[in-house]
Amino acid sequence: GAVVSQHPSWVICKSGTSVKIECRSLDFQATTMFWYRQFPKQSLMLMATSNEGSKATYEQGVEKDKFLINHASLTLSTLTVTSAHPEDSSFYICSARNRPGQGFYGYTFGSGTRLTVV
Amino acid sequence: AQKITQTQPGMFVQEKEAVTLDCTYDTSDPSYGLFWYKQPSSGEMIFLIYQGSYDQQNATEGRYSLNFQKARKSANLVISASQLGDSAMYFCAMSQTGGANSKLTFGKGITLSVRP
């Protein structure tokens with residue numbers, strides 16, 4: 001089945017530094033990647049939608065200069081948290097939609113990244 | 001706009017018993033898909049079951065079944081013969097079908113605890 005590989009699984013960084021999270025679709029081409037943020041015991045909140053070869057679409061209230069998304073190829077999308085602060089500590093997870101022809105438009109999730117900013 | 005409502009704060013069930021997790025939704029689109037995901041403490045999102053808005057029959061996947069009542073806009077998940085490994089957070093979600101950019105809208109989730 002469709003697999004999305006997300007790295008790193010967890011990261012601890014110092015306040016003020018930047019962190020890059022990668023999501024790769026291993027056996028299918030992901031034209032669209034969704035990036036979510038999740039606080040403990042809460043729901044997944046969509047941050048942005050990235051499309052291969054074009055600029056990402058950010059949800060209202062999400063700082064596009066702080067959360068840089070790049071979707072340079074059909075198999076790789078990255079989220080960079082710039083100048084991270086403790087309040088950016090969260091669980092980040094990506095999801096890609098399967099392309100047409102694979103039954104319904106299912107979603108495949110990465111395994112998530114736990115970011116801790118100290 | 002699409003909205004998913006999960007109001008049960010937490011559920012407890014005895015091992016081997018069945019449990020129903022509630023989900024109601026709101027959308028003006030005639031075509032949509034409904035999903036249930038399981039999220040254990042590890043954080044991974046595990047797909048459980050899918051129901052399309054035009055599907056005539058309720059979806060079933062092993063011990064999981066979806067009680068789809070379109071007129072009432074509800075899509076409850078039924079887990080039969082609960083197991084200790086079913087303890088996790090469960091999310092109901094909805095998407096529009098057809099568009100590659102269609103995003104998943106999640107409910108706030110329900111924590112299920114299975115007692116031995």
Proxy exposure order for B:THR5, A:THR113 (fewest C-beta within 10 Å first) is B:THR5, A:THR113
Report the gain in length on full extension from B:ALA18 to B:ASP55: 0.36 nm times residue separation, minus Cα-Cα distance, nm rounded to one decimal. 10.9 nm
Using only the alpha-carbon atoms, what does the stretch A:1-87 span along each of its principal axes? Please give whole angstrom values in decreasing order. 35, 25, 25
Values of log10 I(q)/I(0), in the order q = 0.09, 0.11, 0.17 Å⁻¹, for the protein assembly as shown under a Debye, Cα-only, solvent-free model: -0.38, -0.57, -1.27
Give me a single rounded figure for A:35-44: the average over its residues of other chain Cβ atoms within 10 Å of their Cβ. 4
How big, in percent, is the set of alpha carbon pairs in the stretch B:1-112 lying more than 18 Å apart? 46 percent
Pull up the DSSP beta bridges for chain B and report the antiparallel fraction as a percent, rounded to 5. 85 percent
So which of A:LYS14/A:LYS55; A:LYS41/A:LYS66; A:LYS41/B:LYS103; A:LYS64/B:LYS108 end up more than 26 Å apart, counting from Cα to Cα? A:LYS14/A:LYS55
Could you list the trypsin sites (Lys or Arg not before Pro) in the stretch A:1-49 that lie in coil according to DSSP, counting only those with at most 13 other Cβ atoms within 10 Å of their Cβ? A:LYS14, A:LYS41
Run the Debye formula on the Cα coordinates of the stretch A:50-101, all scatterers equal and no solvent, and tell me log10 I(q)/I(0) at q = 0.12, 0.16, 0.23, 0.28 1/Å. -0.32, -0.54, -1.01, -1.30
Using Cα positions and a limit of under 25 Å, work out the lysines in reach of B:LYS16, with same-chain residues fewer than 8 apart set aside. B:LYS38
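Values in this text are rule-based calculations from the coordinates and carry no lab data. No experiment lies behind these values; they were computed from the predicted model shown. A quick note on method: Cβ atoms are made from the backbone with ideal geometry, for glycine too, and the neighbour counts reach across all protein chains shown.
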